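**Q** This is the structure I have questions about; it appears just below.
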Amino acid sequence: MGFFDFMTEDIAIDLGTANTLIIHNDKVVIDSPSIVARDRISGKIIAVGKEANMMQGKTHENIKTIRPLKDGVIADFDASEKMINMFIKSIPALKKRMFTPALRMVVCIPSGITEVEMRAVKESCERVNGKEVYLIHEPMAAAIGIGIDIMQPKGNMIVDIGGGTTEIAVIALGGIVCDKSVKIAGDVFTNDIVYYMRTQHNLFVGESTAEKIKIQIGAAIEDLESPPEDMSVQGRDLLTGKPKQVDVSYREIAKALDKSIQRIEDAVMETLSQTPPELAADIYNTGIYLAGGGSMLRGLDKRISQKTDLPVYIAEDPLRAVVRGTGMALKNIAKFKSILIK
């Protein structure tokens with residue numbers, strides 16, 4: 001077995017709609033946008049990750065940018081496989097190897113995922129030389145990454161707001177007691193901003209610009225304690241067709257995102273209403289934990305707290321909470337055997 005061990009590398013992957021993160025040897029070695037650019041004529045992938053992301057919305061007809069994952073699941077099998085492959089090949093420590101080592105992988109998946117979608121993830125990993133592939137549910141991974149001892153007979157509530165889905169789960173005894181997965185998350189926020197700019201300012205902005213707006217001045221409530229400065233946004237004027245610039249405040253973005261955030265709030269409330277009373281008692285004491293990029297939206301913690309009357313905590317480095325948890329599960333496969341799906 002020793003020789004085979006030497007040949008095997010362990011990696012943990014958070015295959016996200018917006019970002020893919022990979023941990024190898026306890027370090028985050030890949031943290032890139034989940035996007036590839038393909039040459040239409042030859043069908044070859046010409047760029048992945050950050051490089052492909054810069055091309056988004058700026059391509060001519062021979063280049064197409066693809067986001068292989070939609071709503072947390074694989075939408076384009078071929079592109080996702082190539083993307084995973086290119087990410088794994090670009091891990092510095094594996095570059096030195098003469099041939100691709102066999103991989104032991106733990107990959108996280110949304111909790112509301114179907115059998116077929118699960119198999120797609122697994123097959124993608126097996127085709128990039130994954131010899132042992134384990135899957136773990138995202139809220140579980142997030143909980144481990146936040147530092148919660150999930151095996152305890154204590155209820156904890158996790159809200160993981162990613163790019164494609166928001167995963168809400170109540171976890172106890174190393175299992176998910178009740179969960180809800182809604183397809184309202186970062187991508188929808190971005191589209192809300194595009195729509196708002198178009199209807200309120202007659203300004204047509206691309207997805208990349210809308211995402212920049214979301215990160216720079218995005219907010220969930222209209223009265224923040226330390227508000228960000230107004231942002232100048234450039235795009236195309238829908239009336240004249242000329243490029244133009246407008247100034248936008250965080251209050252406007254809070255208005256633009258209000259409906260979508262309401263739907264996330266409703267999902268949280270619904271999950272709370274399905275929670276068994278003993279666990280509800282625990283959650284009253286422990287509160288709600290937020291993870292994922294969406295939890296960085298200014299004032300979202302406060303807003304959910306006001307809605308639920310519970311304390312709300314944001315994970316440290318929320319973007320990496322899920323991959324950290326996946327990495328911990330990988331290091332301790334024996335301990336977390338019960339929650340890993342083989």
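The values are calculated or read from the model by the stated rules, or taken from the named source; none is laboratory data. This structure is a prediction, so every number in the text was calculated from the model and none was measured. Virtual Cβ from ideal backbone geometry, glycine too; neighbours counted across all protein chains shown. To get the accessible areas, we keep the full protein, side chains included, count just its heavy atoms, and leave off ligands, DNA and RNA. Shrake-Rupley method; radii C 1.70, N 1.55, O 1.52, S 1.80 Å.
**Q** Count, please, the residues in segment 269-319 that happen to be among the small types (Gly, Ala, Ser), more than 20 Å from the chain's Cα centre (by Cα) and under 23 Å from Val188 (Cα atoms).
**A** The total comes to 1.
**Q** While we're here: Looking at segment 109-136, which of its residues are in contact with an Asp or Glu (Cβ under 9 Å, 6 or more places away or on another chain) and at pLDDT 90 or above?
**A** Within segment 109-136, Val133 is the sole residue that qualifies.
Per-residue answers, yes or no, for (1) part of a loop (DSSP other than H, G, I, E, B); (2) touching a residue at least 60 places away in the same chain (Cβ under 8 Å):
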residue: Ser273; (1), (2): no, no
residue: Gly294; (1), (2): no, yes
residue: Gly325; (1), (2): no, yes
residue: Ala329; (1), (2): no, yes
residue: Ala334; (1), (2): yes, no
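**Q** Still on this structure, please answer the following. For Glu132, only one of the following conditions fails: (1) open to solvent by less than 20 Å² (accessible area, probe 1.4 Å); (2) in a strand (DSSP E or B); (3) of a type outside the set (Ser, Thr, Tyr). What is its number?
**A** All conditions are met except number (1).
**Q** For segment 95-110, name all the residues that are within 25 Å of the chain's Cα centre (by Cα) and open to solvent by 10 Å² or more (accessible area, probe 1.4 Å).
**A** Hit for segment 95-110 is Arg104, nothing else.
**Q** Can you tell me which condition Asp192 does not meet? The list is (1) surrounded by fewer than 19 Cβ atoms within 10 Å (Cβ to Cβ); (2) outside any loop (DSSP other than H, G, I, E, B); (3) not aliphatic (A, V, I, L, M), and all the others hold.
**A** (1)
**Q** Has segment 16-36 got at least one residue that is buried (at least 17 other Cβ atoms within 10 Å of the Cβ), at pLDDT 90 or above and farther than 22 Å from Gly327 by Cβ?
**A** Checking segment 16-36: at least one residue is buried (at least 17 other Cβ atoms within 10 Å of the Cβ), at pLDDT 90 or above and farther than 22 Å from Gly327 by Cβ.
**Q** Which one is surrounded by the fewest Cβ atoms within 10 Å (Cβ to Cβ), of the residues in segment 70-91 that are among the β-branched types (Val, Ile, Thr) and more than 16 Å from the chain's Cα centre (by Cα)?
**A** Ile91
**Q** Here is a follow-up. Name, by its number, the condition in (1) of a type outside the set (Asp, Glu); (2) under 20 Å from Lys58 (Cβ atoms); (3) in contact (Cβ under 8 Å) with a residue 24 or more places away in the chain; (4) part of a loop (DSSP other than H, G, I, E, B) that does not hold for Ile150.
**A** Evaluating Ile150 over (1) of a type outside the set (Asp, Glu); (2) under 20 Å from Lys58 (Cβ atoms); (3) in contact (Cβ under 8 Å) with a residue 24 or more places away in the chain; (4) part of a loop (DSSP other than H, G, I, E, B) leaves (2) as the failure.
**Q** Restricting the search to segment 40-61, which residues are open to solvent by 60 Å² or more (accessible area, probe 1.4 Å) and in contact with an Asp or Glu (Cβ under 9 Å, 6 or more places away or on another chain)?
**A** Correct list: Arg40, Ile46, Gly57.
**Q** Considering only residues that are in contact with an Asp or Glu (Cβ under 8 Å, 6 or more places away or on another chain), of a type in the set (Ser, Thr, Tyr) and open to solvent by 20 Å² or more (accessible area, probe 1.4 Å), which ones fall in segment 248-288?
**A** Ser249
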